[in-house]
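The values are calculated or read from the model by the stated rules, or taken from the named source; none is laboratory data. Predicted model only: the values in this text are computed from it and were never measured. With ideal geometry, Cβ positions are generated from the backbone for all residues, glycine too; neighbour counts draw on all protein chains shown. For the accessible areas, the whole protein counts, side chains as well, though only heavy atoms, and no ligand, DNA or RNA atoms are used. Shrake-Rupley method; radii C 1.70, N 1.55, O 1.52, S 1.80 Å.
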Amino acid sequence: SVSSIVPESCLLIVVGLLVGGLIKGVGEKPPILKSDIFFLFLLPPIILDAGYFLPLRPFTENLGTILIFAVVGTLWNAFFLGGLMYAVCQLSGPGLNHIGLLANLLFGSIISAVDPVAVLAVFEEIHINELLHILVFGESLLNDAVTVVLYHLFEEFASFEQVTILNIIFGFLSFLVVSMGGVLVGVIYGVIAAFTSRFTSRIRVIEPLFVFLYSYMAYLSAELFHLSGIMALIAAGVVMRPYVEANISHKSHTTIKYFLKMWSSVSETLIFIFLGVSTVAGHHYWNWTFVISTLFFCLIARVLGVLVLTWFINKFRIVKLTPKDQFIIAYGGLRGAIAFSLGYLLDYKHFGMRDMFLTAIITVIFFTVFVQGMTIRPLVDLLAVKKKQETKRSINEEIHTQFLDHLLTGIEDICGHYGHHHWKDKLNRFNEKYVKKCLIAGERSKEPQLIAFYHKMEMKQAIELVESGGIGKIPSAVSTVSMQNINPQTLPLERVLPALSKDKEEEIRKILRTNLQKTRQRLRSYNRHTLVADPYEEAWNQMLLRRQKARQLEQKMNNYLTVPVHKVDSPTMSRARIGSDPLAYEPKEDSENLPIITIDPASPQSPESVDLMSEEPKGCSGLPPSPEEDEEGLVMRVKEPSSPGTDDVFTPGTSDSPSNQRMLRCLSDPGPRPEPEEGEPFIPKGQ
């Protein structure tokens, strides 16, 4: 119940204080955490565990932000704190004015770095989301290079009689040597460890030994040349892990995992206990002004650094850091045993105020671990900060992740922007083509990433099923691949390809590879200002506009000017209707052979259904009638109504002239005609 409120690191420090007080109470001298023991035996297991199991994807995606916080933020904290403490020492009186600028800058560089041990101990208990965890933890890992450089730089400057500009320039250039040198040492030992694991198939027992041995050798080699041992360990763990896990057995993998966790947990426990014991056993010199100023300026420098750097970083980030995230990053800047050990390494000859520095460092450590470490969990709950979701990776997630990686790489290639995904794709291609063939033994070097992940998931599922005692439910709960992993069988020597020869497959691969590579190399950077205009684009636009206007005008005219057409009767029915009242028709004026038929509008047999449209084209088309049409054609003429009660529909008027009837009939069925040009009237003049 106590550990749910108080972090484990705080409880361990309290245990150390009690043990140190008990030892001192019986008259014995309590042991002190010596820097050699801390840096050579207690710190490497914690850093190796963090580097070997580092979540590589979120770390690389946020590498720029982490580097800005680790390098620029640590430099800001060191110089801001050192400068203000120098001003405090000069203004406070005779007790502190003898402390020079270099001593204050050295003290600022020691106390400014975020401690990875304290961050791991606190952040793993509150289960903060992955982004914030990797930002704070990544900063605590990578700021080691800055701390080492500044520490050795100011320590060397303290022994100089005069510091020149050239010394300062060389000092800042040494930062690149320390950081990149540590990474290079770690990469070399990581590659050697991966290459060695390729030949351990007959001696599985010593496989975990090579991982620990080469990692520790990387750390010692870096520290031997005053390089960053922490960055060497991280680089070695990140480089060796994918190749070592592909070569070693599952039992060796389990051994490495649990031994690293146990080793780092023991080291972390000993560090915090010895920190409490050393607090009781050490020599202290308390100065209220110096200690309170140090604590206050540490908090101010951290908050200002995070706010300013986040404002700059958010200009380039897609996922912005919110004010809540900034508060957690600033509040999570914990100090720990690294600062205490570096302070313990100071020489009394050059730094006579070493005891006062250690007292201020222990005060800052206790404040950050106890106050900030105990209150960060309720603050996370109060601010409703997103927490880490414990979800198992699935094949679906892996497929979509790889798909998005390829998609973003293609988008960057099309745009001509060689960004993060482009270089990541280049590195993966180089790894698949060369590195995996040299460092991974057997057929697993040619195995695709998705297939390897699938086998890993199946193995994990099968082992969990066996450990839970559900072996009887295997047919319904686990696939046959899991059973093959539990009871491995000999695989066929050659892979059978259905109806596809090796030459044909290689030819297809070559065609695809050549075309895709040509496509990638052919593309140039996209710029809307340098695009060549299409000469036919304007003409096509004008043509499309004309066609659209013509269609709209035609639809409007059809809606308003179309005359409904009567139902057409057969010729037999038409003759029958006309023959029922032959006196109603009159012959044509210009025809002597045709009979004259007069239509009586009042007759019940009035041929209302006779289609006048079928008879009119002879007069509307303007062509002379053919002999067949002259023999069969009839001209219908309306007779004057005999009585006033007749229908007015057939009454001739001014609008019943032949030209008006011809116009109406032509409008009802205009027939095929060319598309009207833009600006041309729908009805030609003169009709």
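Taking region 1-92 as the region of interest, the helices (runs of 4 or more DSSP H) fully inside it that hold 2 or more residues being in contact with a helix residue (DSSP H, G or I) (Cβ under 7 Å, 6 or more places away or on another chain) and among the hydroxyl-bearing types (Ser, Thr, Tyr) are 74-92. Do we have residue 317 as open to solvent by less than 90 Å² (accessible area, probe 1.4 Å) and in a loop (DSSP other than H, G, I, E, B) here? Spelling it out, residue 317 is indeed open to solvent by less than 90 Å² (accessible area, probe 1.4 Å) and in a loop (DSSP other than H, G, I, E, B). For region 105-116, the set of residues classified as touching a Gly at 6+ places or on another chain (Cβ under 9 Å) and either outside any helix (DSSP H, G or I) or surrounded by fewer than 24 Cβ atoms within 10 Å (Cβ to Cβ) (or both) consists of 105, 114, 115, listed by residue number. Selection within region 393-418: residues that are outside any helix (DSSP H, G or I) and within 30 Å of residue 461 (Cβ to Cβ). The member of this set that is most open to solvent (accessible area, probe 1.4 Å) is 393. Among the residues in region 365-382, are any free of Cβ contacts under 8 Å to residues at least 24 places away in the same chain, part of a loop (DSSP other than H, G, I, E, B) and of a type outside the set (Ser, Thr, Tyr)? The answer is no; no qualifying residue exists.
Per the listing 1, 9, the residue uniquely surrounded by fewer than 18 Cβ atoms within 10 Å (Cβ to Cβ) and not aromatic (Phe, Trp, Tyr) is 1.
When 159, 140, 174 are checked against the criterion of being among the hydroxyl-bearing types (Ser, Thr, Tyr) and open to solvent by less than 10 Å² (accessible area, probe 1.4 Å), 140 stands alone in meeting it.
Considering (1) at pLDDT below 90; (2) open to solvent by less than 50 Å² (accessible area, probe 1.4 Å); (3) touching a Gly at 6+ places or on another chain (Cβ under 9 Å), the lone condition that residue 47 does not fulfil carries the number (1). For residue 20, the conditions (1) surrounded by fewer than 16 Cβ atoms within 10 Å (Cβ to Cβ); (2) of a type in the set (Gly, Ala, Ser); (3) more than 30 Å from residue 320 (Cα to Cα) are fulfilled apart from (1). I'd like to know if region 199-207 contains one or more residues that are of a type in the set (Ser, Thr, Tyr) and in a helix (DSSP H, G or I). So far as region 199-207 goes, no, none of its residues is of a type in the set (Ser, Thr, Tyr) and in a helix (DSSP H, G or I). Set side by side, the residues 453, 430 differ, and just one is in a helix (DSSP H, G or I), open to solvent by 80 Å² or more (accessible area, probe 1.4 Å) and either at pLDDT below 75 or of a type in the set (A, V, I, L, M, F, W, C) (or both), which is 430. Checking each residue in region 240-289 for being open to solvent by 40 Å² or more (accessible area, probe 1.4 Å), among the polar types (S, T, N, Q) and within 32 Å of the chain's Cα centre (by Cα) picks out only 254.
Only a single criterion out of (1) under 25 Å from residue 313 (Cβ atoms); (2) among the aliphatic types (A, V, I, L, M); (3) over 28 Å from the mean Cα position of the chain (by Cα) is not satisfied by residue 194, namely (1). Count of region 433-450 residues, restricted to those that are assigned to a helix (DSSP H, G or I) and either on the phi > 0 side of the Ramachandran plot or at pLDDT 75 or above (or both), is 8.
For residue 246, the criteria (1) under 28 Å from residue 8 (Cα atoms); (2) touching a residue at least 60 places away in the same chain (Cβ under 8 Å); (3) small (Gly, Ala, Ser) hold in every case but one, which is (1). Return yes or no: is residue 351 modelled with pLDDT of 85 or more, out of contact with any strand residue (DSSP E or B) (no Cβ under 6 Å at 6 or more places or on another chain) and at negative phi? It is false that residue 351 is modelled with pLDDT of 85 or more, out of contact with any strand residue (DSSP E or B) (no Cβ under 6 Å at 6 or more places or on another chain) and at negative phi.
Which one of these is on the phi < 0 side of the Ramachandran plot, touching a Gly at 6+ places or on another chain (Cβ under 7 Å) and not in a helix (DSSP H, G or I): 233, 227? Answer to the check: 227.
For (1) more than 14 Å from residue 243 (Cβ to Cβ); (2) part of a helix (DSSP H, G or I); (3) under 35 Å from the mean Cα position of the chain (by Cα); (4) modelled with pLDDT of 90 or more, each residue gets a yes or a no:
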{"position": "154", "(1), (2), (3), (4)": "yes, yes, no, no"}
{"position": "161", "(1), (2), (3), (4)": "yes, no, no, no"}
{"position": "169", "(1), (2), (3), (4)": "yes, yes, no, no"}
{"position": "174", "(1), (2), (3), (4)": "yes, yes, yes, no"}
{"position": "180", "(1), (2), (3), (4)": "yes, yes, yes, yes"}
{"position": "209", "(1), (2), (3), (4)": "yes, yes, no, yes"}
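Every condition in (1) outside any helix (DSSP H, G or I); (2) open to solvent by 70 Å² or more (accessible area, probe 1.4 Å) is met by residue 292 except one, and the failing one is (1). For region 320-336, the set of residues classified as buried (at least 18 other Cβ atoms within 10 Å of the Cβ) and either over 21 Å from residue 380 (Cβ atoms) or of a type in the set (Lys, Arg) (or both) consists of 335 only.
Looking at region 540-559 only, could you name the residues that are surrounded by 10 or more Cβ atoms within 10 Å (Cβ to Cβ) and either modelled with pLDDT under 75 or closer than 30 Å to residue 416 by Cβ (or both)? Scanning region 540-559 gives 540, 541. The set of residues from region 226-239 being open to solvent by 20 Å² or more (accessible area, probe 1.4 Å) and either among the aliphatic types (A, V, I, L, M) or modelled with pLDDT of 90 or more (or both) comprises 227, 231, 238, 239.
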